[in-house]
Amino acid sequence: MEQYTTGYSAHASLAMIAEWTKRKGLWEKLEAGVHIQQKVVLHTPHDKLKDLLINIWAGGEGVVEVNDRVRTDAVLQKLFDRAACAEQSTISETVNASTTVNVKEMEAVVKQILQECSQCYRHNYEKSWLLLDIDLTGLLAGKKAEGSEKGYFSGKRNGRGRQVGRVLASQYDEIVYEQLYPGKVQLEVSLLELVKKAETVLDLDENRRKHTILRVDGGGGTDQNIDWLLLCNYWVLMKVKNWQRTQKLVKTAD
């Protein structure tokens with residue numbers, strides 16, 4: 001595909017992110033930590049992961065957008081020290097070649113970068129509370145997508161897709177952890193896993209948990225979940241599931 005060489009780019013504002021990645025050694029960390037076994041023709045697996053991340057930063061929502069957003073923008077490529085961009089189909093092949101081990105390797109790299117660069121990891125627990133919001137967000141997807149199932153998707157009756165579980169450090173507007181689930185999964189099932197992952201990323205020991213507030217939607221408010229969180233010394237702000245049962249219990253105490 002012919003590249004534009006006008007010297008201009010609609011994504012010139014990404015120059016700051018490009019400089020940040022170089023100063024923080026992000027690409028070196030990626031190459032050292034993630035090892036995808038794939039034959040190299042023109043671009044290495046790490047090159048293609050780099051192109052995919054550039055596409056995300058440029059506003060791309062799917063791998064298919066790489067061809068139009070990154071591959072045709074020579075200036076954008078140069079910002080990130082790329083002389084060329086891989087074709088979107090070969091990037092998809094690299095993603096498909098990734099194994100469970102590669103996913104865990106990527107998680108470890110992301111955790112390392114977050115701990116080195118984020119504000120939430122350096123939060124002063126003695127001075128103020130850390131507020132973590134936990135919820136699921138439905139993402140519509142086609143029938144053939146892995147994990148795509150009928151489930152709850154706001155405003156889409158009989159919608160099909162997947163659920164994104166997210167832990168957000170609200171004071172800092174930083175995502176602590178994300179996990180993709182099948183469309184039928186609800187928060188009551190995924191909540192404890194998300195909390196445990198956040199504990200690992202933020203090194204939430206007993207003292208830090210005593211100064212952490214978990215804010216959770218009603219879908220996660222089962223008795224078992226609440227009991228577990230309280231036993232772990234978290235402070236909890238949560239809607240109780242099956243509130244009708246609670247209402248009946250209150251009436252018996254009148």
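The values are calculated or read from the model by the stated rules, or taken from the named source; none is laboratory data. Values in this document were obtained by computation on a predicted structure and should not be read as measured data. Every residue, glycine among them, receives a Cβ derived from its backbone with ideal geometry; neighbour counts consider all protein chains shown.
Considering each residue of the range 121-151, count those that are basic (Lys, Arg) and either touching a residue at least 12 places away in the same chain (Cβ under 8 Å) or buried (at least 17 other Cβ atoms within 10 Å of the Cβ) (or both), and give that number.
Residues in the range 121-151 being basic (Lys, Arg) and either touching a residue at least 12 places away in the same chain (Cβ under 8 Å) or buried (at least 17 other Cβ atoms within 10 Å of the Cβ) (or both): 2 in total.
Give the range 18-50 a look and list any residue that's basic (Lys, Arg) and within 16 Å of Val110 (Cβ to Cβ), or say none.
Selection gives Lys24, Lys29, Lys50.
Picking from Lys184, Lys210, Lys150, Lys196, which residue would you name as being more than 25 Å from Met238 (Cβ to Cβ) and outside the structural domain of Glu28 (by TED's automatic domain parsing)?
Sole residue among the options that is more than 25 Å from Met238 (Cβ to Cβ) and outside the structural domain of Glu28 (by TED's automatic domain parsing): Lys150.
Please work out if Ser118 is without any contact (Cβ under 8 Å) to a residue 60 or more places away in the chain and out of contact with any Gly (no Cβ under 7 Å at 6 or more places or on another chain).
When the stated conditions are applied, Ser118 passes them.
Among Val95, Val109, which is in a helix (DSSP H, G or I), surrounded by fewer than 16 Cβ atoms within 10 Å (Cβ to Cβ), in contact with a Lys or Arg (Cβ under 9 Å, 6 or more places away or on another chain) and among the aliphatic types (A, V, I, L, M)?
One residue alone meets the criteria, Val95.
Looking for something under 25 Å from Glu107 (Cβ atoms), without any contact (Cβ under 8 Å) to a residue 12 or more places away in the chain, of a type in the set (A, V, I, L, M) and in contact with a Lys or Arg (Cβ under 8 Å, 6 or more places away or on another chain) - is there at least one such residue anywhere in the range 201-223?
Checked the range 201-223: no residue is under 25 Å from Glu107 (Cβ atoms), without any contact (Cβ under 8 Å) to a residue 12 or more places away in the chain, of a type in the set (A, V, I, L, M) and in contact with a Lys or Arg (Cβ under 8 Å, 6 or more places away or on another chain).
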